[in-house]
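This report concerns only the one structure given below.
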């Protein structure tokens, strides 16, 4: 190092003096606007006691929810101002442990995090910081990040039992039982017969096997559902029913090869859907429309083997109370006529009352929309029927 | 060469069966012995002279790896015969210790062969006893925990033959108690190998050992408890893809509920039989029977039985099922291992058992004959097809 000449040294001293002068002047200027500090004599004894309690020399407790006095802040800063990263990390760890004991887990986490950020070279200290932070995070329910801390702790010290135990616990709470078992086994290799780990292992094993069972069960259910659905679609196809997918923009019959269950999904709130019974017969949800009265009937299950006449006789018996909307008492089975509509061509086709639903659905112009065959019921030779039929090309 | 007499061998070959002999001649001498050990007569001949056995054992410590390999291989062949196995173990006390140390040493080159040798050597009860005593005397070096550790950690083919080795050792009561040690959790570590698909040797060996351990009735409650939970382990390989109704399903252990549609049964009949025998043993006490009944093992066994082809397995399954479905024995006779059987009945039972065994044997023979016949027919068919194909070719 080059030595200073006397001249240079003198110059530097003058400069430093000037700096100090300027700094003092600045501080005075800063404080000028503020009221002068009240003297002790002006304070009430309570205020005085309060102020003394806030002073680091006298304080017994620290309330971290309130802003800290400058003196305390200064002391705190000093604590972590050590040049040694290790000492700082150690201090943070101690603070964390205090907070942890007081169940102030969030503060403890902050403390441990600060300790980790010191990046000290002490492997054991880092292990403990991570392992303790894992414990704190576990307590507030942050299991995933707690697990990550366990992994980090074990990276610093392989086989750190506390971290391994916590890791196993995290995995179990997170439902990752196989991983939990691996943690337990790793720990048991290091410390065979460890009671806590054995208990955890048993728990993880039990839950793991249950989970596997549940998965198998769900898969079976899904497979069965799919098999049922496939069978249903195949039957619909075999029975020559033409489905129209109403979700499609162009209203053409669904190509049979892309037949999907979407096209049998009804829009009815009951969620009724075509079903297949054990004898291989389909049961359709059916919509009867009575345009003259603006009324409809929704039949949840109508066997394709049933004849329309039977249904009509039940709905509209020759003798008995008429439907509430049938003010003229006209709707009696023998008076009724049934049609289905070909929407594409805007045409009605009459339905033979003695035919079954199955035969009607086979008709080449009969399409099933929204999974629900719909039929229009009119009164034979009534003025409305004549008018309605003429409108639809009959 | 085979008709050489003892004097000739002693003069011309034996001197070279030593570590200090010249490499090329040593190899030739050893090759000769390895060849001899390939036949029964050769084995008998070598085994009748301790000097030969001793020389072969000494060569297992040769510096040349190809020499040690051939020495071990000769011993594997020789130890197939029980008498010889005992003779080898009798050569000197360190033989089992050296072999087990060799197996545990990760640097060893011929671990697989030595495991095979151990499996052969331990076949008879007497030999097992000898080896087990050696293990006990050197627990710090070759203790059971160390062997099981190695077996669990190294799952390559090399240690597969430790499976049958463990099975053989469990002929010895003390060895069974070792495997059943509650603190060491050895049993829990062996159980997963019941489903070890990669090797029948390993799987079958461990199942054999577990079967033997199931004879220790004082451990039954522990084996069936949550701590070990052995029942589902034994049942799972016996279960197929069959579906049961909700009620039957919920009674089963969770591991057996809703099994996949492609679930396969254990393919090896001997292994199936050992699994059934294990469960049968666990049925010897009243509490065991109750537990196994409550866990609905019956439905699994019923399905197994309905599809079983092997006569011996069928008989074992029938015996087990009849224990499960029959009424509880009269008070005082609940523990089947402690029931005293009058001599005349015992004689009758023995005869019945023998008759059953004969039936099984006949059945098996018949099946095998049928199989042979079928194979013959198949071969004939192929022959005819070939001829016809040739004819066709000739025509075209």
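No value in this document is a laboratory result; all are computed from the given coordinates. Note that the structure is predicted; figures quoted are calculated from it, not measured. Neighbour counts are summed over all protein chains in view; Cβ atoms, including those assigned to glycine, are modelled from backbone coordinates with ideal geometry.
What to note about this one:
- Considering only Cα atoms, the convex hull volume of segment A:80-210 works out to 92 Å³ per residue.
- Counts of other chain beta carbons within 10 angstrom of each beta carbon in peptide A:211-218 average 4.
- Distance from the alpha carbon centroid of segment B:271-306 to that of segment A:124-183 works out to 41 angstrom.
- For chain A, the relative contact order comes to 9 percent (Cα pairs under 8 Å, sequence separation of at least 6).
- Helix-only CD estimate at 222 nm, as mean residue ellipticity for the protein assembly as shown, using -39500 (n - 2.57) per DSSP H run (n ≥ 4): -18500 deg cm²/dmol
- Segment B:227-338: relative contact order in percent, alpha carbon pairs under 8 Å with at least 6 residues between: 31
- Pair-distance distribution P(r) for segment A:256-391, from all Cα-Cα distances in 5 Å bins starting at 0: 2, 9, 18, 23, 21, 15, 8, 3, 1, 0 percent.
- Debye intensity ratio in log₁₀ form over the Cα atoms of the protein assembly as shown, taken at each q of 0.08, 0.10 Å⁻¹: -0.98, -1.16
- Nearest 10 degrees, 0 to 90: helix A:6-32 Cα axis against chain A principal axis: 60
- For segment B:30-98, Kirkwood radius (reciprocal of mean inverse C-alpha pair distance, Å): 11.8
- Virtual paramagnetic centre 7 Å along Cα→Cβ of residue A:211, amide N under 14 Å, in segment A:135-178: A:144, A:168-178
- Each peptide in B:254-267, A:317-330 was scored by the mean count of other Cβ atoms within 10 Å over its residues; highest first, the order is B:254-267, A:317-330.
- All Cα pairs of chain A, percent lying beyond 27 Å: 73
- Calculated over segment B:227-338: convex hull of Cα atoms, volume per residue (Å³): 110
- Highest-fluctuation residue, A:159, A:187, A:240 considered, GNM on chain A with Cα pairs under 10 Å: A:240
- Cα-based Rg / Dmax (Å) for chain B: 25.6, 84
- Expressed as a fraction of 2.2 N^0.38 Å, the C-alpha radius of gyration for segment B:300-396 is 1.92.
- Taken as Cα centroids, segment A:6-26 and segment B:98-124 sit 86 Å apart, rounded to the nearest whole angstrom.
- Highest to lowest packing among B:152-162, A:225-235, B:78-88, scored as the average C-beta count within 10 Å: B:78-88, B:152-162, A:225-235
- Over segment B:171-293: Kirkwood hydrodynamic radius from C-alpha pairwise inverse distances, Å: 15.0
- Across all directions, the average flat footprint of the convex hull enclosing the Cα atoms of segment B:1-117 is 6.7 nm².
- Inter-site label distance for residue A:389 and residue A:328 at 7 Å from Cα along Cβ, in nm: 1.5
- Modelled spin-label separation between residue A:158 and residue A:117, with each label point placed 7 Å from Cα along the Cα-to-Cβ direction: 3.2 nm.
- Size-normalised alpha-carbon gyration radius of segment B:249-304, reference 2.2 N^0.38 Å: 1.20
- Computed Rg/Rh of segment A:333-394, alpha carbon atoms with Kirkwood Rh: 0.96
- If you take the Cα centroid of segment B:1-70 and the Cα centroid of segment A:83-123, the two points sit 70 Å apart.
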